[in-house]
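Visitor: The structure under discussion is supplied below as structure tokens; questions concerning it will follow.
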Amino acid sequence: MNDPVIDTVDHLANLDSRGETFAVRRLRPEYVAGVEQCRESVLHPDDNLHLSAVLRTALAVRMARVVGNHAQAAHYQQRLCTYNPDALYQRIA
């Protein structure tokens, strides 16, 4: 038997793959896939409109902080660090 795939929402919501909420999400696989595709399309769209991935990620950190989602802010901060951001992007975040 294959282990269930844990997506970003599962991770950030700290969902247990054996739990009820995890199972209910999997009743709508198109929703699970769509949420992840939407999230990725914001960070890495086909047409980036000249907005870099590092800028988009810094803004994701900021928005997560603004709404008070500490897990999401930490997730995007970790992702931001992979870009080795300069001081401007750190201030934005």
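Visitor: Check 42, 67, 24 and return the single one that is touching a helix residue (DSSP H, G or I) at 6+ places or on another chain (Cβ under 8 Å), among the aliphatic types (A, V, I, L, M) and without any contact (Cβ under 8 Å) to a residue 40 or more places away in the chain.
Guide: Result: 42 is the single residue among 42, 67, 24 that is touching a helix residue (DSSP H, G or I) at 6+ places or on another chain (Cβ under 8 Å), among the aliphatic types (A, V, I, L, M) and without any contact (Cβ under 8 Å) to a residue 40 or more places away in the chain.
Visitor: If you check residue 12 against the conditions, is it at pLDDT 95 or above and within 18 Å of residue 75 (Cα to Cα)?
Guide: No: the conditions fail for residue 12.
Visitor: Considering only residues of the stretch 40-58 that are of a type outside the set (D, E, K, R), within 17 Å of residue 8 (Cα to Cα) and at pLDDT below 95, which is least open to solvent (accessible area, probe 1.4 Å)?
Guide: Result: 43.
Visitor: Moving to a separate point now. What single numbered condition from (1) among the hydroxyl-bearing types (Ser, Thr, Tyr); (2) closer than 29 Å to residue 4 by Cα; (3) open to solvent by less than 50 Å² (accessible area, probe 1.4 Å) fails to hold for residue 21?
Guide: Unmet for residue 21, out of (1) among the hydroxyl-bearing types (Ser, Thr, Tyr); (2) closer than 29 Å to residue 4 by Cα; (3) open to solvent by less than 50 Å² (accessible area, probe 1.4 Å): (3).
Visitor: Of all residues in the stretch 70-93, how many are touching a helix residue (DSSP H, G or I) at 6+ places or on another chain (Cβ under 8 Å) and of a type in the set (Lys, Arg)?
Guide: 1
Visitor: Could you please give the count of residues in the stretch 59-93 that are under 23 Å from residue 15 (Cβ atoms) and either open to solvent by less than 80 Å² (accessible area, probe 1.4 Å) or not charged (D, E, K, R) (or both)?
Guide: 17
The values are calculated or read from the model by the stated rules, or taken from the named source; none is laboratory data. All figures in this text were calculated on a predicted structure; none of them were measured in a lab. Neighbour counts are summed over all protein chains in view; Cβ atoms, including those assigned to glycine, are modelled from backbone coordinates with ideal geometry. We work out accessible area using only protein heavy atoms, side chains counted, and drop any ligands, DNA or RNA first. Shrake-Rupley method; radii C 1.70, N 1.55, O 1.52, S 1.80 Å.
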